[in-house]
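The values are calculated or read from the model by the stated rules, or taken from the named source; none is laboratory data. Nothing here was measured: the structure is a model prediction, and the numbers come from that model. All Cβ positions, glycine included, derive from the backbone under ideal geometry; neighbour counts span all protein chains shown. With ligands, DNA and RNA removed, areas are computed over all heavy atoms of the protein, side chains included. Shrake-Rupley method; radii C 1.70, N 1.55, O 1.52, S 1.80 Å.
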Amino acid sequence: MLGQGLCLFYSLLFSQYLLHCLIHGKGSVNIFGMNKIQCFFQSESELTSKEFLSVFTSGGLAPSLGIINSTYTGIFHFNLTLFSDRVYWLIDIPRENITKNTDIATVEEWLVRITLQHGLNIYNTEGTLLDRVREPILQWKLGTMMTRNDISKLYPHVVDLRVTKCPCANDVALLGFIMGSTLDGVYIGLSFSGFWNYDDTTWYNLTDMIYSQVGEEHTELSVVDMVLTNHFLVILTSLGLFISGDLRYPSSSFSRAEFCGFERADYIKGKLWYNERCFANREHFEVDYITITFERNRTLSEASSCFYSKEPFLEWLPCLPSISKRMKTIPSMAITFLIDQEQSSGIYLFQNQKNTTASVRIFKNNKPGLIQKFPLFLFPSSFSSPIGMVFHPRSHFLYAYGNQVWLSVDGGNTFELLADFHDDIIKNTYHSFYTSDITFVSQSGKVYLTKAGLGRYTEIGSISDQIFTLYYDHMGFIHKLTPDHFEASGPFAAFGNSKGIFGQAPDMGFETALAPQHITLNEMLFYAYVPENEPQGSIYTKKFNEIHFGKVIHSRKTGTAYIREILYHDTPKGFLSSVIAEMIDPFGIEEVHESPCLSSSLSINQAGNFSYKLNSDVEKTVVIPGYSSFLITRILDNENALAIATMPGRVPNNMTFLKDSWFLYNFGQRNGRTWNIYSKPCNYWFQQHDDSLSLNVLKYIDLGKSHSFKIKVIPNTKSKFIIVGNPNLLEVKAEGYFDNTDSYLVEISAASKTLRQGSTSLAFIVWGASTECFVTTIVPTLKSSCSYLKSMHHIPSEFIPLEDWNSGVHTDSQGFNMIKVLPVNYRPPSNMGIAIPLTDNFYHADPSQPIPRNLFHKSKKSGKFKQCANASTREECNCTNDQKFSYAVVFSDCREKVPRFKFPVTQYPISLKIYNEDGYIPVETPYLVTVTEVNNRENWKLKQSVPENVKKLKDYLGLILHAPVYNPLGLNLSVKGSELFHFRVSVVPGVTFCNLVEEFQIYVDEAPLPFPGHTLIAVAAAVVLGGLIFIAFMFQIHNSHPLAKTDSMNLGVSAT
């Protein structure tokens, strides 16, 4: 049962059948309600599908369903039982088996993986699962809702699009229309299903909200840019910057940020910059920052043309710190300013009339300093049109882009050239954290693809639409969004690959002839020919460039070669670039019927400094084993031709070669290019050796702890790199080796080394991987912090089953009930007596009932409801079952039943264990604890054993904390008081980042009366007994018998 509004569709190819998994309901991701997942085989008839399914079921085979995110992996199994009319597998999963939380908060979207194993074959398919009730932006009503008909009227007025997505759930995204001058308004579409279906998008009109803050007299209102952070939505419009309230608290309020001196002409050229990070289970050191830049230099009256702010984005500060007037600086425009939270630095991309630079400054106390963290990085003059700078999500890969693309893996200290587009300019970048895909779109419409951290890229097509934007969903599928329709990469395209919506992969060759030169049997050089009369401005079109690195050269005949290295040189003349290629398949040579000259001998004579006369065909290459190759450039006559040598030092001058001792390759382009360059197919895969099924796992490393990753690359490939985002945070070591199958295994260990908390990305990159591979980079995130899954638990000395807690009866071997049902509005006694409770904590609270033990003034002043505050009945306290059974003092109002023990309680073992994602571990040294009674009760003491090596540390911490410190191993409790004792055990700071606290309760019953009641009763009884004995004794010594006298008198009267 995965929820109302959940509709996921999976297709998995199995032989000639398709395995489909469908979650009923409208929408695509939601885990609430009573919907069910069905998996079935699609064939030509229902009967065949049923028979096929029965074969697998009878063999004990059924799919399993995994629900995965960066910190959680849960495996569920489909039912094997099939009814006579069922043609599908079925699974029901209660919500509480996945998550119990229902509060609005940033939550990570789950990956759903359905797997079926048959023999040695494993078939799987994937989808996503989103908690719609908790996702913050989905709880908001952004503005007035619009119908499809209302939206269609806007299409003619839309001039561009902007898209932004939730950092933790990429299927939740917003699409904004940038309007032309013919129509005003702010129109935004909200999707929770990754824009797979246009009709599933909810459209909002925010125009009235904007005008209510700026005034109706303003015109030409439009969206300019948008950013959706973990907790806020920031919208840049032509009339100002607007920030939502905290999305965790649903409303529809927006506030406007003021920038003195900036008007509409500045806002429409403004840009928002954001370092996308997922802050699910957010730490105190994690905060979102946004930068706004205006496309002009600041005036004397303005503080800056670049501003940044941290959430809640109420105060916007200049990106550049104040500089003394005495300091001489060259005026530069800040194109981009990003906050690097891993290294606590601010990274600038500057441009002035002379050059483009990158600057990194220390970011402390939420402000950049004047001191440079690294020397300025000066880009070459060829990087003349910088557009922006962006971090790949959840990583430390920094890209600067414009007419070139540069990559930094060390936080902006250095950059490496990734791509040079010369006159074309990259206008936008799009990223998928899941597949590590990065797509660049140029102003000419060409689309390029690279992988995060990879030193190569490829062209994947072009887009002819005038108005469009691209968007990656949570699974890494790319979508092309236009005003009136959405188009996604198809399910049978390469998984997660961007090529599905861009057609056939383009040929990355260029219009010139290549001259091959053999180096070894399996290695070749290919020289690119540049004619002497080639204009200077177009020479680059005749050369190999960065896009060709890692690609494959294909011959029109036969043969392929993998390009391993690109070389640039000035000699030999006519060849300004070449590549070293590893031959995969041998290239086909020319036959005699194609080149009749092959039937004769070959003579080589020098005709000039770099040319040689020979007999052959134009743009074909003469190859002579052991000597230089020759590219034929011109035919002189029927017997002579002019050629250029690839290796002038290896020219066989004035030599003649007989028939069949030389041959020809045709890599020319005169009659149509005979060669092509395409991407190299992927020929390896990753295998993770830990229990995690996520590619972007998150691991917490507590103080003094460590964690290890194991990764295998099959088969072995060269050039593997490990990059740490913040090398100062953790101590990272890596060891690699080869196994018997020549696969490469690497073990990476990260250990805590300081008291500093923070997070860092750790990237494992196969540098030589093809962009065709689904996985080229694994980017786990390591947090030097306390895991939200880590907690301390008290192990009771007597286990009581849940059903006994519900019934309130659990007897021991002597028939003693070990569960105490507390009185309504109960408060434990104080040191002043049972009838004078002084604690503020109520137990089993009910505001509608009287409060017992409330006769004394001090008791009346104490006692405060928590969960039941402002409630009039217990039902209004809204206590959950978990709260009713919680030992935490914050839920004492809800606690009804507690463990019960007979007086006296002696040597009660305080057994503690720490639970984390790896299981339970006992609480022992170096952990030390403090123990307090939350209601300030006495009459209890602890017994411990302290080893000599712990005693000094224990005594030192006791002086610092001003409280007794105990060794948790072998700690025993004795209680000599009565009724409820509520203890809190806390681990001392300094040995863990976690605030480990556990509470437990003991109700002591059948206790003797407290002093002096027992003594007074004993004394009174002794006095009474002594008095009776004394009276009897007095009667005895006086021979006085009152009963006998009475009888005699009666007899005497009778005689009368």
(request) Quick one: compute a quarter of the convex hull surface over the Cα atoms of the range 195-255 and quote it in nm². (result) 5.0
(request) Quick one: grab the alpha carbon gyration tensor of the range 817-897, order the square roots of its eigenvalues as a ≥ b ≥ c, and give me rounded if a/c is under 1.5, else prolate or oblate depending on whether a/b is larger than b/c. (result) oblate
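With an 8 Å Cα cut-off and a minimum separation of 6 or more residues, compute the relative contact order for the range 615-696 in percent.
Numbers: 104 pairs, mean separation 21.6, N = 82.
Computed value for the range 615-696: 26 percent relative contact order.
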(request) May I ask for the net charge around L183, where only other residues with Cβ less than 10 Å from the Cβ of L183 are counted and Lys, Arg are +1 while Asp, Glu are -1? (result) -1
(request) Filter the GluC sites (Glu not before Pro) in the range 842-931 down to the DSSP loop ones having no more than 16 other Cβ atoms within 10 Å, then list what survives. (result) E917, E924
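Pairs of alpha-carbon atoms within less than 8 angstrom and 6+ residues apart define the contacts here; what relative contact order does the chain have, in percent? Don't skip to the end; give the middle numbers.
Details: 2441 pairs, mean separation 55.9, N = 1056.
Reported relative contact order: 5 percent.
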(message) Give me the three principal axis extents of the range 382-452 from the C-alpha atoms, as integers in angstrom, largest value leading.
(response) 31, 26, 15
(request) Have a look at V697, Q907, T336 and report the one farthest towards the positive end of the charge dipole of the chain, computed about the Cα centre with Cβ charges (Lys/Arg +1, Asp/Glu -1). (result) Q907
(message) When a/c reaches 1.5 or more, the comparison of a/b and b/c decides; with that in mind, is the range 411-495 rounded, prolate or oblate per its Cα gyration tensor?
(response) oblate
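As a check on your grasp of the helix formula, calculate [θ] at 222 nm for the chain: sum -39500 (n - 2.57) over DSSP H runs of n ≥ 4, divide by the residue count, round to the nearest 500.
On the way: 10 runs with 98 residues, N = 1056.
My calculation for the chain gives -2500 deg cm²/dmol from helical runs alone.
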(request) Stick to the Cα atoms of the chain, pair each with every other, and give me the Kirkwood hydrodynamic radius in Å at one decimal. (result) 35.3
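Counting Lys +1, Arg +1, Asp -1, Glu -1, what net charge surrounds K680 among other residues with beta carbon under 11 Å of its beta carbon? All intermediate terms of the calculation are to be shown ahead of the outcome.
Working: positive: R456, K551, R564; negative: E582, E772.
Result for the neighbourhood of K680: +1.
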(message) With θ taken as phi - 60° and the coefficients 6.51, -1.76 and 1.60, list the Karplus ³J(HN,Hα) couplings across the range 755-761 in order, rounded to whole Hz; mark glycine and proline as x.
(response) 7, 7, 9, x, 9, 8, 8
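How large, in percent, is the carbon and sulfur part of the accessible surface of the chain at a probe radius of 1.4 Å?
On the way: 26170 of 49100 Å².
So the carbon and sulfur contribution to the accessible surface is 53 percent.
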(request) Would you mind checking which residues have amide H under 5 Å from G461's amide H? H placed 1.01 Å from N; only 5 or more apart, or other chain. (result) V447
(message) Under 21 Å between alpha carbons: how many lysine pairs meet that in the range 448-578, if sequence neighbours fewer than 8 apart on the same chain are excluded?
(response) 9
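Remind me, relative contact order of the range 420-579 in percent, using alpha carbon pairs under 8 angstrom and six or more residues apart?
On the way: 288 pairs, mean separation 23.3, N = 160.
Answer for the range 420-579 is 15 percent.
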(message) Please list, ordered by chain and number, the residues whose modelled amide H lies under 5 Å from the amide H of A488; skip anything fewer than 5 residues away on the same chain.
(response) K480
(request) Provide the gained length on full extension for the span Y915 to D92, in nm with one decimal, where the gain is 0.36 nm per separating residue minus the Cα-Cα distance. (result) 293.5 nm
(request) Write down the accessible area per residue of the range 401-488 in Å², having rolled a 1.4 Å probe over the full set of protein chains. (result) 26
(request) For the range 708-827, evaluate the Debye formula with one uniform point scatterer on each Cα (no solvent term) and list log10 I(q)/I(0) at q = 0.23 Å⁻¹, rounded to two decimals. (result) -1.30
(request) Would you calculate the separation in nanometres between label points at D424 and N949, each defined as 7 Å from the Cα along the Cα-to-beta-carbon direction? (result) 6.6
(request) Give me the distance between the Cα centres of the range 624-653 and the range 938-965, rounded to whole Å. (result) 90
(message) I'd like the Karplus ³J(HN,Hα) series for the range 470-487: coefficients 6.51, -1.76, 1.60, θ = phi - 60°, whole numbers in Hz, and an x wherever there's a Gly or Pro.
(response) 10, 7, 9, 7, 5, 8, x, 7, 9, 10, 9, 9, 10, x, 10, 7, 10, 9
(message) Test of understanding: express the Cα radius of gyration of the range 941-1015 as a ratio to 2.2 N^0.38 Å, with N the residue count.
(response) 1.42
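Determine the per residue accessible area of the range 755-908 with all protein chains present and a 1.4 angstrom probe, expressed in square angstrom.
47
Subtracting the Cα-Cα distance from 0.36 nm times the residue separation, let me have the gained length for K866 to L802 in nm, one decimal. All intermediate terms of the calculation are to be shown ahead of the outcome.
Numbers: separation 64, 0.36 × 64 = 23.04 nm, distance 2.53 nm.
Between K866 and L802, full extension yields an extra 20.5 nm.
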(message) Tell me the net charge near R874. Cut-off is 13 Å between Cβ atoms, R874 excluded, with +1 for each Lys or Arg and -1 for each Asp or Glu.
(response) -3
(request) Would you kindly give the portion of the calculated P(r) for the range 219-304 that falls above 20 Å, as a percent of all Cα pairs? (result) 41
(message) At 1.4 Å probe radius, can you tell me the per residue accessible area of the range 82-182 in Å²?
(response) 43
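Select from the range 784-845 those chymotrypsin sites (Phe, Trp or Tyr not before Pro) which occupy a DSSP coil region and have at most 10 other Cβ atoms within 10 Å, ordered by residue number.
Working: sites: Y788, F799, W805, F816, Y826, F842, Y843; in loops: Y788, F799, F816, F842.
When the chymotrypsin sites (Phe, Trp or Tyr not before Pro) of the range 784-845 are filtered for loop state and at most 10 Cβ neighbours within 10 Å, F799 remain.
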(request) Return the FRET efficiency for the residue pair K141, V592: r is the Cβ-Cβ distance, R0 is 56 Å, and the value is rounded to the nearest 0.05. (result) 0.10
(message) Under a crude label model (7 Å from the Cα following the beta-carbon direction), how far is S381 from N683 in nanometres?
(response) 4.3
(request) Describe numerically, in nm with one decimal, the distance between label points set 7 Å from Cα along Cα→Cβ at F1035 and at M832. (result) 4.9
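For E747 and N854, what is the calculated FRET efficiency with R₀ set at 41 Å and r taken between the beta-carbons, to the nearest 0.05?
For E747 and N854, the calculated efficiency is 0.05.
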(message) Quick check: Cα centre of the range 799-824 to Cα centre of the range 510-588, how many Å?
(response) 83
(message) Need the C-alpha centroid separation for the range 348-416 versus the range 828-896, integer Å.
(response) 59
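When a/c reaches 1.5 or more, the comparison of a/b and b/c decides; with that in mind, is the range 549-674 rounded, prolate or oblate per its Cα gyration tensor?
oblate
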(request) Determine, from the Cβ-Cβ distance of N366 and D637 and an R0 of 60 Å, the FRET efficiency 1/(1 + (r/R0)^6), rounded to the nearest 0.05. (result) 0.15
(request) Please get the size of the charge dipole for the chain, origin at its Cα centre, with Cβ charges of +1 on Lys and Arg and -1 on Asp and Glu, quoted in debye to the nearest 20. (result) 2920
